Amino acid sequence: MVHTLIFDIGNVLADFNWRSYLNSWKLPAKEHEIVEQALFLSPMWKEVDRGQLPDEEILSIICREAPGYENLIREIYAGAAVAVSENDYAPGLLKQLKEQGYRIYVLSNYGKTFYEQRLSSFKFLEYTDGQVISYQEKHIKPEPEIYKTLLSRYGIIPEEAVFFDDLPANLEAAKKFGIHTVQVTGYESIVKGLGQFGIRLSDCF
């Protein structure tokens, strides 16, 4: 029987609309592509989430890959946290599940700056029993260490837990620990996933 619900944040409880944010800068096509590739699509972006290196060091590495655009990249990165927005349904969803008696946890990849500037004030966090955020643990999903941390820290029984995430690789990693999983493609997929475990929601909240 399921007693514990674990939620990712990005594309589940909140969205990181970096493409819209970058578009808002209205850069010439060449500059837009350079910033997109060097910053948001860079392999170094994962290191922002991992939290082992300070932002300044990561930005220095990124800027070396885009000579002549350092000031622009730094300016865009400095304001990028505004691209993270709480999904409208998230607070009510977690509140209702909490009132039904479920233990609720967050397991998510986020960097320190983004978390502290935006996510830490999101309302849905009020209804969680605990959080494991990648930058605080120095590990990112789907690395097994971050799942081990969640399970051990909060005494979660894997067979009694369901993990909601949008990325198949993260879900597959959770399955290896015996955790049930639901791939999220939008709010309706969350509702359907909950229903598979006999969890019902009211029509509105």
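The values are calculated or read from the model by the stated rules, or taken from the named source; none is laboratory data. Keep in mind that this is a model prediction, so the values were computed, not measured. Every residue, glycine among them, receives a Cβ derived from its backbone with ideal geometry; neighbour counts consider all protein chains shown. Side chains included, ligands, DNA and RNA excluded: accessible areas come from the protein's heavy atoms. Shrake-Rupley method; radii C 1.70, N 1.55, O 1.52, S 1.80 Å.
What is the one condition in (1) under 14 Å from V2 (Cα atoms); (2) aromatic (F, W, Y); (3) without any contact (Cβ under 8 Å) to a residue 60 or more places away in the chain that Y127 does not satisfy?
Single failed check for Y127: (1).
Any idea which of (1) out of contact with any Pro (no Cβ under 7 Å at 6 or more places or on another chain); (2) of a type in the set (A, V, I, L, M, F, W, C); (3) over 22 Å from W45 (Cβ atoms) is the one L151 doesn't satisfy?
Of (1) out of contact with any Pro (no Cβ under 7 Å at 6 or more places or on another chain); (2) of a type in the set (A, V, I, L, M, F, W, C); (3) over 22 Å from W45 (Cβ atoms), only one is false for L151: (1).
What are the pairs, 6+ residues apart or on separate chains, where a residue within the stretch 6-32 that is touching a residue at least 60 places away in the same chain (Cβ under 8 Å) has its Cβ under 7 Å from a residue that is open to solvent by 80 Å² or more (accessible area, probe 1.4 Å)?
What qualifies is Y21/V82.
Among the helices (runs of 4 or more DSSP H) lying completely within the stretch 12-98, list those that include at least 3 residues that are open to solvent by 50 Å² or more (accessible area, probe 1.4 Å) and closer than 30 Å to I190 by Cβ. Even if it seems obvious, please write down each step before you answer.
Working: elements: 18-23, 29-35, 45-50, 55-64, 70-78.
Because the criterion is at least 3 residues that are open to solvent by 50 Å² or more (accessible area, probe 1.4 Å) and closer than 30 Å to I190 by Cβ, the helices (runs of 4 or more DSSP H) in the stretch 12-98 that meet it are 18-23.
Just give me the residues in the stretch 122-159 being hydroxyl-bearing (S, T, Y) and farther than 15 Å from G10 by Cα, in sequence order. If you could, list the steps in order and put the result at the bottom.
So the first thing to find is which residues in the stretch 122-159 are hydroxyl-bearing (S, T, Y), and the list is 127-128, 134-135, 147, 149, 152, 154.
Passing the criteria: Y127, T128, Y147, T149, S152, Y154.
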